[in-house]
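Peer 1: Mind having a look at this structure? Questions to follow.
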């Protein structure tokens, strides 16, 4: 075909597209305009973008915004490239423009899904007409720790699939991924040397079409250019109607887009294409085949720095499932946007309904009702006092705020506790307090100074009846084997043999095979076991303790080198080792550790509560209410009645036998009878044990303490005012 003939064919093609545009734009002017919704209303039952939308007033109480995915460096980072939603009652998809107006776009039917991501940089690794080949490529990407999707390509002939990987905020990052996949031999074996390329966010757009079908027909005609084409959705700036455009380009730079612009001017001089500005809000729509279904799911890419997409249930009684958050179901609606170059996924719902989930996770639903009510008021106050603490959200769904796991965890008892305290909050001098709480205060709640170094008048230490956490817990024995190994075994794994040592210590037999002698009294101890015990092995009981629980815990036999590494993860300046002496040198009002010294020098950290991680060798310590014990030190009572601290590592120990002869003790452990009747193993190895009480920072309300007080007959108001000093409980 000659150049002139080719140009004549292209001109006829674009005249056809132009006629299609004119007819569809004319149609757009007669479509009834959908009324915009204010920010205090919700879309609930929209059947199509061209019908009048029914609205309902906001929930009677305040709304809360919970970030499930958010990129806020230095404060909170939890990222997903795609959010996948479904609902048994169907969903409404809309765009939220500046000023709060909501533009309905389309609905998703019951049990169908919608995938939502960002229009950013991606790597196209494959284009194929074979869905099985596309799935093989996707499977490899996922196995190689990449992220990918399969989408339908707009094509004028055979059904074609594109496999696209990643969600990259910069071209440099996308180019790095491109190089990785270009050198992946297994992927290349699947894609058969397909030319991998980077797709970017820069596009040209046509004038508007009234229907997606018309835009798709025009896009199919434009595929003869060889340029990437897609369908965009937007709101007409004049009529307010939903309109569609053909997007051409998907270029990675603005310079490359100029080449596309020139190509379009040459081929379609009768049609006006314009550059899409980076701030302009619109949505790219495509069919997604990632989940393996024979019918593609609706998928969207959010474009524009101010664009927000809303996912709302068609029925307010039906929850929305979010696959990427453990497939949990949530009340309310979702808002998705680009925030700090990543996809932000925000669940917006009634504050009281948010609390239905929070209280059910933060406190056991089987606990006394007055304790549950106290938790509800504290959680409500905590959420309200924070404001937009995460810029686009009030709270996140983890322990950094309060744990929120959606609708599935809700229980009748906790829902009742929320409902019966609806509106109640805690105030000090007329202002909402920071209603902090933790699992177990270890016998006394912490003064705020003990946790973060600052004094808050309503967060003072209070006695706390936390021993209830140890109720009915299994007993464990600290034991010594015949070959002088020391560790813990559960009472379930030993049997009393009726024997005693010459010193009067109890002896037991191992009752099973391959029983672990553990470093700490817990069946889930992640630390290495001391030894594996055989049935019938005889053990000497040194001490009886309760299984690790929120009240009582211990971390035994920590190596100085391990402690030094942990300390230097927090200390500034770094601690100079090796550690010869580690000790608590200052405590706060509740007895919590607020200062630790190494070799006589104070360890400097940001706040006292950080000692939990700074001294946590294999995971943070449960609390800062602890003692540090040098395992190689022991106390000797002299003939003059004075006591002397000895160290088995540096000073030899002597024993006098029956003949009166003195000899050096050469065993790996010494055993010292303590004043409480227990026998303490003194190691010849230089290690430290940390033994403590409580679980959490300890500031504010102790949840186990609330349980105990409720069990004693106290109501939720008494419990709250016991832990939060000089506060008023008011109903706003």
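Peer 1: Is segment 452-460 home to any residue that is under 28 Å from the mean Cα position of the chain (by Cα), at pLDDT below 95 and not in a loop (DSSP other than H, G, I, E, B)?
Peer 2: Keep residues of segment 452-460 that are under 28 Å from the mean Cα position of the chain (by Cα), which gives 452-454, 459.
Okay, now just the ones that are also at pLDDT below 95, so 452-454.
Those left that are additionally not in a loop (DSSP other than H, G, I, E, B): 452.
Looking for residues that are under 28 Å from the mean Cα position of the chain (by Cα), at pLDDT below 95 and not in a loop (DSSP other than H, G, I, E, B), one finds at least one in segment 452-460, hence yes.
Peer 1: For segment 592-621, which residues satisfy the criterion of being more than 32 Å from the chain's Cα centre (by Cα) and over 26 Å from residue 528 (Cβ atoms)?
Peer 2: The initial filter retains those residues of segment 592-621 that are more than 32 Å from the chain's Cα centre (by Cα), namely 597-602.
Listed by number, the residues that qualify are 597, 599, 600, 601, 602.
Peer 1: For the structure I just gave you, tell me whether residue 110 is surrounded by fewer than 16 Cβ atoms within 10 Å (Cβ to Cβ) and farther than 30 Å from residue 254 by Cβ.
Peer 2: On the way: surrounded by fewer than 16 Cβ atoms within 10 Å (Cβ to Cβ): yes; farther than 30 Å from residue 254 by Cβ: yes.
When the stated conditions are applied, residue 110 passes them.
Matching residues to (1) without any contact (Cβ under 8 Å) to a residue 60 or more places away in the chain; (2) assigned to a loop (DSSP other than H, G, I, E, B); (3) in contact with a strand residue (DSSP E or B) (Cβ under 6 Å, 6 or more places away or on another chain):
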{"residue": "370", "(1), (2), (3)": "no, no, no"}
{"residue": "373", "(1), (2), (3)": "no, no, no"}
{"residue": "379", "(1), (2), (3)": "yes, no, no"}
{"residue": "382", "(1), (2), (3)": "yes, no, no"}
{"residue": "393", "(1), (2), (3)": "no, yes, yes"}
{"residue": "399", "(1), (2), (3)": "yes, yes, no"}
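Peer 1: Then there is this: Could you tell me which of the residues 619, 641 is at pLDDT below 95, out of contact with any strand residue (DSSP E or B) (no Cβ under 8 Å at 6 or more places or on another chain), within 22 Å of residue 696 (Cβ to Cβ) and part of a loop (DSSP other than H, G, I, E, B)? Reasoning before the result, please.
Peer 2: Details: 641 fails: within 22 Å of residue 696 (Cβ to Cβ).
Exactly one residue qualifies, and that residue is 619.
Peer 1: Among (1) within 27 Å of residue 531 (Cβ to Cβ); (2) buried (at least 19 other Cβ atoms within 10 Å of the Cβ); (3) under 31 Å from the mean Cα position of the chain (by Cα), there is one condition residue 473 misses while meeting the rest; what is its number?
Peer 2: (2)
The values are calculated or read from the model by the stated rules, or taken from the named source; none is laboratory data. Bear in mind that the values here come from a model prediction, so they are computed numbers and not experimental data. Quick reminder, even Gly has a Cβ in these numbers, built from the backbone with ideal geometry, and neighbours come from all protein chains shown.
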